1. For the stretch 176-196, which residues satisfy the criterion of being within 19 Å of G251 (Cβ to Cβ), within 11 Å of the ligand (Cβ to nearest atom) and not hydrophobic (A, V, I, L, M, F, W, C)?
2. Select from the stretch 192-243 the residues that are in contact with a Gly (Cβ under 9 Å, 6 or more places away or on another chain) and in a loop (DSSP other than H, G, I, E, B) and write down the one among them that is nearest to G147 (Cα to Cα).
3. If R200 passes every condition in (1) out of contact with any helix residue (DSSP H, G or I) (no Cβ under 7 Å at 6 or more places or on another chain); (2) at pLDDT 95 or above; (3) within 16 Å of the ligand (Cβ to nearest atom); (4) closer than 14 Å to S226 by Cβ but one, which one does it miss?
4. With respect to A49, determine if the residue is closer than 16 Å to V71 by Cβ, surrounded by fewer than 19 Cβ atoms within 10 Å (Cβ to Cβ) and not basic (K, R).
5. Only one residue in G25, G94, G72, G104 is of a type outside the set (V, I, T) and in a strand (DSSP E or B). Which one?
6. Name the residues in the stretch 203-215 that are under 18 Å from D229 (Cα atoms) and either within 16 Å of the ligand (Cβ to nearest atom) or surrounded by fewer than 18 Cβ atoms within 10 Å (Cβ to Cβ) (or both), would you?
7. Residue by residue through the stretch 154-169, note down the ones that are within 27 Å of E129 (Cβ to Cβ), more than 10 Å from the ligand (Cβ to nearest atom) and part of a loop (DSSP other than H, G, I, E, B).
8. Quick one: in the stretch 133-153, which of the residues that are part of a loop (DSSP other than H, G, I, E, B) and within 16 Å of Q302 (Cβ to Cβ) is nearest to the chain's Cα centre (by Cα)?
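The values are calculated or read from the model by the stated rules, or taken from the named source; none is laboratory data. Just so you know, these numbers come straight off a predicted model, no measurement behind them. Here Cβ is always computed from backbone atoms with ideal geometry, including for glycine, and neighbour counts include all displayed protein chains.
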Amino acid sequence: MERRKAIGIVIGGTRTSLGIVSAEGMIEIQTQFDTNPRTGFDFALERIADAIYNMCAKVDLDPALLVGIGVGSTGPVDHITGIIRTDFTLPTWGGRNIIQGLKGLFKTHVLLENDVDVAVFGEAFLENEQSLSSVVLMTFGTGVGGGVLLNGKIYRGSQGEHPEIGHMLVRRAGPKCYCGMRGCLEMIASGKAIARAGQRFGMKDSYEVFARAKDGDPRARKIIDSAIDSVALGVWNILHTFLPERIILGGGIMDEHYQMFEPAVRKIIDKATMIPKDGVSLSKARVGNEAGIVGAAALCFQ
Ligand SMILES: [Zn+2]
């Protein structure tokens, strides 16, 4: 049994979290540090390696016995080669190779996926739902993203890309998006979009818009209602495209305000007539990085 342990790592733009995970999905020990991508890729690898050695020492585990290291990283990554495709979310890291880097330090199996993909994988692993035909995680934070698991496998495009759920169209004449379209879900329901809408009324960020909406400020309420409505429309589209057995809503906005969104989402699921809606369960994602760490490690147990 001692051999069945893996490292799960989640690399975010702000924080890197990692832990030692058992084959049953238990995090035995975990740690985190600020990613500070601008201090460089090599320095980050050193910090990850130090953290792994420290954790192994604390639980008396020989790193040579690890089944593998699974990594979920923000931004577009090439899961086959291990290369971080752009500098967009991890400045200065574009073109660097996570798999090669970690393999050079630890003589073990290293796997890389996108951070949202390891989160949906972890959610399903922890619920013992890998056998479900379809599980969809939609994340609402600074941006909007998502991951899809079909029959236990991460769903991706022809070149390994993952679904761009944030660019589903939910309002034809909505705000302009950086992707070139108008009215994408991310332009209405992301933290950035909510903040931008609030700034017109002197509100400084999305936290203030949510707080004021809860206090009954009609301008803030309108912004949040619009976000809620667009999330519900997004769920409607997902529902009819993937016919999921489970839809999970996560990300910073849902961590804090899931109960504001849930009624509208349940209502729209209930309106469906073309799909077996009774087989759909809706839930809030696990808070924090637990699902991501477990999901990243679980890649190694497959
Ligand atoms: Zn877009």
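1. Those that are within 19 Å of G251 (Cβ to Cβ), within 11 Å of the ligand (Cβ to nearest atom) and not hydrophobic (A, V, I, L, M, F, W, C): Y178, E186, S190.
2. Taking the candidates together, the pick is L243.
3. Of (1) out of contact with any helix residue (DSSP H, G or I) (no Cβ under 7 Å at 6 or more places or on another chain); (2) at pLDDT 95 or above; (3) within 16 Å of the ligand (Cβ to nearest atom); (4) closer than 14 Å to S226 by Cβ, only one is false for R200: (3).
4. Yes: the conditions hold for A49.
5. None of the others qualify; the one that does is G72.
6. Of everything in the stretch 203-215, just one residue is under 18 Å from D229 (Cα atoms) and either within 16 Å of the ligand (Cβ to nearest atom) or surrounded by fewer than 18 Cβ atoms within 10 Å (Cβ to Cβ) (or both), namely K214.
7. Those that are within 27 Å of E129 (Cβ to Cβ), more than 10 Å from the ligand (Cβ to nearest atom) and part of a loop (DSSP other than H, G, I, E, B): Y155, R156, G157, S158, G160, E161, H162, P163.
8. This residue is G152.
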